[in-house]
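Below is one structure, written out as structure tokens, with a few remarks after it.
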Amino acid sequence: MQKNEIFTETMEIVGKTVLSAIPIGGALVTCVWDSVKAHAAQRRLDEWKGLLEERLQSVEETLENIGNNELFSSTMMRATEIAIKTAETDKRVYLANAVRNSISVSLNESIVMMYLNMIDEYTAWHLKILNYFRNPAIMVEDHNYMMGSAMQPLLQVFPEMSDNKELVGKMVDDMQSSGILTKGSYMSTMMSSNGMLSERTTKFGNSFLDFIEEKK
């Protein structure tokens, strides 16, 4: 039997071992970490590579130019770190868009790193809600509102969050604190239908969304 076959067979045996059967003293954590690297991390890396290839295959740049693009290089390295850390595919999609967009944007690297850090910090739901507030009227099908808060039409678009209103409010608070959503208590304050469907993203928030969205 060749060495690679022995290794594969050994990994299969180890992978089927129950955690409680592994002795403590460092061996348990080592085995768990090795399993994470062999399974979850590899799956995420493979998906990440696929997303990047989809976006980079149409780029009209030479490898030399790409390699010498400092902003692109920094963006790709940081985005790859974040992509492997997260289980959320939606976040990897935003990261891949950011890498592609970094080739041609005229942004300072500090701002780009700030944007990537926000993707790292926020959940995919934060980003969905932020995108919603860029233009709620486009996303909401039923405009027959008389009075209410901004929460009502948002939950029409995302009914799966109806039992998590406090969580939605917390995510909005997070993004208000970061300056990408406007301040205010519009998630709970009664207002007219126009107010319920008003844009709530800031200039900073719109710039962030522009950088992480796929360019057609």
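For the reader, a short list of remarks on this structure follows.
- Karplus 3J(HN,Hα) series, Hz, for the stretch 173-186 with 6.51 cos²θ - 1.76 cosθ + 1.60 (x for Gly, Pro): 4, 4, 6, 5, 5, 7, x, 9, 10, 5, 6, x, 9, 5
- Shown here for the stretch 96-195: GluC sites (Glu not before Pro) in loop regions (DSSP other than H, G, I, E, B) with at most 12 other Cβ atoms within 10 Å, namely 141.
- Residues 151, 175, 113, 146, ranked from the fewest to the most other C-beta atoms within 10 Å, line up as 146, 113, 151, 175.
- The stretch 124-212: C-alpha pair distances exceeding 18 Å, %: 37 percent
- Taking only the Cα atoms of the stretch 112-173, the radius of gyration and Dmax are 12.9, 42 Å.
- For the stretch 90-105, Karplus couplings with θ = phi - 60° (6.51, -1.76, 1.60), whole Hz, Gly/Pro x: 4, 5, 5, 5, 4, 5, 5, 4, 4, 4, 4, 6, 5, 5, 10, 6
- Amide H to amide H, with H built 1.01 Å from N, residue 191 comes under 5 Å of 148, 149, counting only residues 5 or more places away or on other chains.
- Distant-in-sequence amide H partners of residue 181 (H built 1.01 Å from N, under 5 Å): 176, 202
- Neighbour-count ranking [beta-carbon atoms within 10 angstrom, fewest first] of 47, 70: 70, 47
- Between residue 141 and residue 120, the contour length at 0.36 nm per residue exceeds the alpha carbon distance by 4.4 nm.
All of the numbers you see were taken from the coordinates with simple rules; none came from a lab. Note that this is a predicted model, so its numbers are computed, not measured. For neighbour counting, all protein chains shown are included, and Cβ atoms are generated from backbone atoms with ideal geometry for every residue, glycine included.
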